[in-house]
Amino acid sequence: MQIRLFIKPGCPWCDEAIDWLTSHGIRFATLNVIRDAAARAEMVELTRQTKAPCIDVDGQILADFGADELEAWWRKMKLPMP
């Protein structure tokens, strides 16, 4: 399973997403959309917006969320937790 988290440094929702994924032992790649123009362009292409965080789990996308929405989406998608 490939998990990519698009973030903006200093974003409290991005920090919550990182904390939630980390606390559940989920491995993920972080893409900084402020420093990496290609990552930002990809996030906009995937979500049609510029808000972060955005998560891509094997092509399933959730954009502009907090930790509660991430947990609900994760369960709805029936994604595994270690």
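The values are calculated or read from the model by the stated rules, or taken from the named source; none is laboratory data. Computed from a prediction, not measured in an experiment: that's the story for all the values here. Please note: Cβ atoms are built from the backbone with ideal geometry, for glycine as well, and neighbour counts cover all protein chains shown. These area figures cover heavy atoms from the full protein model, side chains too; ligands, DNA and RNA do not enter into them. Shrake-Rupley method; radii C 1.70, N 1.55, O 1.52, S 1.80 Å.
If you take every DSSP beta bridge fully contained in the chain, what fraction is antiparallel? Give it as a percent rounded to 5.
Numbers: 8 of 12 bridges.
Rounded to the nearest five, the antiparallel share is 65 percent.
So how far apart, in nm, are the two label points at residue 69 and residue 50 if each is 7 Å from Cα heading toward Cβ?
Result: 1.8 nm between the two label points.
Counting heavy atoms of the protein chains only and a 1.4 Å probe, report the per residue accessible area for the chain as a whole number of Å². Before the final figure, lay out each step's value.
On the way: 4930 Å² over 82 residues.
With the other protein chains kept in place, the chain gives 60 Å² per residue.
So how strong a dipole does the chain carry about its Cα centre when Lys and Arg Cβ are +1 and Asp and Glu Cβ are -1, to the nearest 20 debye?
Values: 10 positive and 12 negative charges, 30 e Å.
Using only the charged Cβ atoms, the result is roughly 140 debye.
Given labels modelled 7 Å from the Cα in the Cβ direction, how far is it in nm from residue 23 to residue 2?
Using points 7 Å along Cα→Cβ, the separation is 2.9 nm.
How far apart, in nm, are two points set 7 Å out from the Cα along the Cα-to-Cβ line at residue 81 and at residue 60?
Output for this residue pair reads 1.4 nm.
Using θ = phi - 60° and the Karplus form 6.51 cos²θ - 1.76 cosθ + 1.60, what ³J(HN,Hα) does each residue of region 48-62 get, whole Hz, x for Gly and Pro?
6, 8, 10, 7, 10, x, 9, 10, 10, 10, 6, x, 8, 10, 10
Just to confirm my understanding: which cysteines in the chain have no other cysteine beta carbon less than 4.7 Å from their beta carbon?
Cys with no partner Cβ under 4.7 Å: 54.
Convert each backbone phi in region 24-35 into a coupling constant with the Karplus relation 6.51 cos²θ - 1.76 cosθ + 1.60 (shift: θ = phi - 60°), then list the ³J(HN,Hα) values in order as whole Hz, x for Gly and Pro.
9, x, 8, 8, 7, 9, 9, 10, 8, 7, 7, 7
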